[in-house]
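Working notes, beginning with the structure itself.
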Amino acid sequence: MTGAEIVKTTYREAMRAAIREAMQRDDRVFLMGEDVGRYGGCFAVSMGLLEEFGSERIRDTPLSESAFVGAGIGAAMAGMRPIVEIMTVNFSLLALDQIMNNAATLLHMSGGQCSVPLVIRMTTGAGRQVAAQHSHSLEGWYTHIPGIKVLAPATLEDARGMLWTALQDPDPVLIFEHGSLYNLQGTLPADAGAVDIRAAAVRRAGTDITLITYGGTLGTTLTAADALAAEGIDAEVIDLRSLRPLDDKTITGSVAKTHRVVIVDEGWRTGSLAAEVSARIMEQAFWDLDAPVERVCGAEVPMPYPRHLEQAALPQAEAIAAAARQAVG
Amino acid sequence: MNRTAAKSAPPEAAHRRDLLRQMLLIRTFEDKCVELYSAGEIRGFVHLYIGEEAVATGVNQALTADDSIVSTYREHGHALARGMPLDSLMAEMFGKTTGCSRGRGGSMHLFDVSRRFYGGNAIVGGGLPLAVGVALADKLRGDQRVTACFFGDGAVAEGEFHECMNLAALWQLPVLFCCENNLYAMGTALERAQAQTDLALRAGSYGMPAWPVDGMDALAVEHAARSAAEAIREGGGPHFLELRTYRFRAHSMYDPELYRDKAEVEEWKKRDPIDLLAARMRDSGELSDADFQAMSDELTGEIDKAITAARAAPAEPVEDLTRFVYSPEQTS
């Protein structure tokens, strides 16, 4: 990367660059989903790609999640490398049969014959006042399913680099893009490309407490870490990046150093990914802990429309800092 | 379509004998499955195809080794018609490592990717999107293949059916939709589940050629399937066959069959697809009772050999329990 030109970009543009690169490098790759073509993508991620690659490879679908996700699975099984876009995670439930009963299951059920090298991208999360059927963070549900991998790019680098690596994977990979991130601005080296999709990343090194998060709450968590620093609490921030499989080593390594943990997860608290991470820490690093593991999660409510209620339902920096203070005692 | 059938069909008498043998193989295999199930040697759900053999046998005549099949949980017949080895199928029934799915699938999940047999899918309607996807892959690559997708009348009530009819027709994908209408979705009769019971009419409403076929007559099924497959290969987009058939046995081995009349079953048995073809062959002097018996004995012998091999085959090691959840070199 040394010497490479640094360019200004956004999360949306980084994702688009990743799709473009995949389309250019591999003829088997195509993008399919609702309004990915003429409309340019519900979140404008695929804007311009139809003109560049044509309607065979940038494929608008009818509103039929089960059919086009299943078609992606079938095409992957038959040798293609589809990228299927689902507008939001709430809509993905219409395709849950295909994801769970086929994508995640075919390899095992066929005794290792039917691999499904499919990537499904979808938007997740709240913050845009789009109420109770467009706002949830259900990626934790998907992490329950053996046979799939679940990624949550939270940075420009990951938006740019995770897709290609996911497409090289012989198994189905789900990529969750938090809706609040698309306008995230920053810089990337002009030659930025594929990144590892196995390891968690330490986004801020610290010694007093570990704040574990992913996706849309990474920014909030870093804000909380800054506030804590002003109070003399040096927080380490871990971005999980891969939600399944989880990188236990990075988590327990940090806990061994800080002895205190707060997990931040926009998903509902009960049965959450935060609960799984907490259980793993208990199983693998119990004797390193100096305080109970704290969780800051989404309130257990279908997301309300008004801004003040929506914000009250989401993990906020102040709540994260308060949980950290509690753990530090 | 007559033109193609005449061009590519083998000499007629020998061909009819092949069809009869194929149907009898399926019947004998499943009769043995009943015995093995009753003896407790095979378990799980076993959905028998007995009575419907003309459908798999006839449709398969229209397919080449390059074509693909996506099937249901009632797929022993489709797998056998596809030419999957008896040993691998019987071993799968026993859950052995030599089974076509290494014993991990069982009766409902027979796979053979080398023969482009993409499985027994046990979610009703769940295989249709896969078939659409396999056909989409072929279309994108410019391959002239047909994907035959089998499903039952029950699937027509599922949303996935309608999504897939629309998508396949919209994108003009090379799918041969084979609806095995055996009149019952498990225990629910067609007219108790479907507002419009003319299934070909419903498929036709999506803008694809669709017609009903006598699913008890292997030659009629073959004729229809050849005609549809030829049109698909010529770029005619998806076609739909409503194959009117009947299962003579219960839905699965657990089913006490309280929902249908014994007289109805007996009435349909008069049109047993094997008897129907055998009678025609006897009438034209192509088949004697001794021929038929010899054929039956030979098939029974082959199946018995497969049973012996399956009994002796090793089971998957328990240490390998989580193998194939991810591809090699991957961990959860």
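Separation of the alpha carbons by more than 32 angstrom is noted, of B:K32/B:K262; B:K96/B:K262; B:K96/B:K139; A:K8/A:K149; B:K269/B:K305; B:K32/B:K270, for B:K96/B:K262; B:K96/B:K139.
Assuming charge only on the beta carbon of Lys and Arg (+1) and of Asp and Glu (-1), the dipole of segment B:74-221 about its Cα centre is about 520 debye to the nearest 20.
For segment A:1-157, report the % of Cα-Cα distances exceeding 22 Å.
Looking at segment A:1-157, the distances longer than 22 Å represent 44 percent of pairs.
For A:M32, the shell of other residues with beta-carbons less than 12 Å away shows a net charge of -2, using +1 for Lys and Arg and -1 for Asp and Glu.
For chain A, the alpha carbon convex hull comes to 136 Å³ per residue, rounded to a whole number. For segment B:124-276, the Kirkwood hydrodynamic radius from C-alpha pairs, put into Stokes-Einstein at 25 °C and a viscosity of 0.890 mPa s, yields a diffusion coefficient of 152 µm² per second.
Could you work out the Rg to Rh ratio of the protein assembly as shown, with Rh taken as the Kirkwood radius (inverse of the mean 1/r over all Cα pairs)? Radius of gyration relative to Kirkwood radius: 1.04.
Once the piece of chain linking B:T97 and B:Y254 is laid out straight, how much longer is it, given 0.36 nm per residue of separation minus the C-alpha distance between them?
Computed gain between B:T97 and B:Y254 is 53.9 nm.
Distance from the Cα centre of segment B:272-332 to that of segment A:60-85, in angstrom? Comparing the Cα centres of segment B:272-332 and segment A:60-85, I get a distance of 33 Å. Treating each Cα of segment A:138-220 as one equal point scatterer and applying the Debye formula with no solvent, the log10 of I(q)/I(0) at q = 0.18, 0.23, 0.24, 0.25 Å⁻¹ comes out as -0.87, -1.28, -1.35, -1.40. Farthest towards the positive end of the charge dipole of the protein assembly as shown, among the residues B:P314, A:F68, B:A157, is the Cα of A:F68, using unit charges on the Cβ of Lys, Arg, Asp and Glu.
Hey, got the dipole for segment B:159-313? About the Cα centre, +1 on K and R Cβ, -1 on D and E Cβ, debye to the nearest 20? Spell out each step's value before the answer.
On the way: 16 positive and 27 negative charges, 77 e Å.
For this selection, approximately 380 debye.
Ranking A:A95, A:A192, A:P315 by Cα position along the charge dipole of the protein assembly as shown, where only Lys, Arg, Asp and Glu carry charges on their C-beta atoms, puts A:A192 farthest toward the positive end.
The alpha carbon radius of gyration of chain B, expressed as a multiple of 2.2 N^0.38 Å, is 0.98. With Cβ to Cβ distances under 11 Å as the rule, what net charge do the other residues near B:V124 carry (K, R +1; D, E -1)? Once positives and negatives cancel, what remains is -3.
Evaluated with a Cβ-only charge set (Lys, Arg +1; Asp, Glu -1), chain B carries a dipole of roughly 500 debye about its Cα centre, given to the nearest 20. Loop sites here are GluC sites (Glu not before Pro) outside DSSP states H, G, I, E and B with no more than 14 other Cβ atoms within 10 Å. The longest part of chain A free of them is A:57-230. The P(r) of segment A:1-52 has a tail past 18 Å containing 36 percent of all C-alpha pairs. Along each principal axis, taking the top coordinate minus the bottom one, the Cα set of segment B:49-107 gives 32, 27, 17 Å in descending order.
When only alpha carbons are used to place a centre, segment A:296-328 and segment B:92-141 end up 45 Å from one another. Of the residues A:H134, B:G83, A:V296, the one whose Cα sits farthest towards the positive end of the charge dipole of the protein assembly as shown is A:H134 (charges of +1 on Lys and Arg Cβ, -1 on Asp and Glu Cβ, taken about the Cα centre). Where in segment B:181-211 does the amide nitrogen come within less than 15 Å of the point 7 Å from the Cα of B:E267, taken along Cα to Cβ? Label zone hits: B:183-184, B:189-191.
For A:K257, the aspartates and glutamates whose Cα falls under 14 Å of its own Cα, not counting residues fewer than eight places away in the same chain, are A:D208, A:D234, A:E236, A:D288, A:D290. Segment A:229-258 and segment A:189-227 have their alpha-carbon centroids 9 Å apart.
Where the alpha-carbon atoms of segment B:7-77 are placed on the principal axes, they occupy 47, 26, 17 Å, in descending order. Between the helical axis of A:11-25 and the longest alpha-carbon principal axis of chain A there is an angle of about 40 degrees.
Taking a sphere under 12 Å around the Cβ of A:K249 and counting the other residues whose Cβ falls inside, with K and R at +1 and D and E at -1, yields a net charge of 0.
No lab work stands behind these numbers, since they all come straight from the coordinates. Keep in mind that what you see is a predicted model, and the values were worked out from it rather than measured. Note that we place each Cβ from the backbone using ideal geometry, even for glycine, and neighbour counts take in every protein chain shown.
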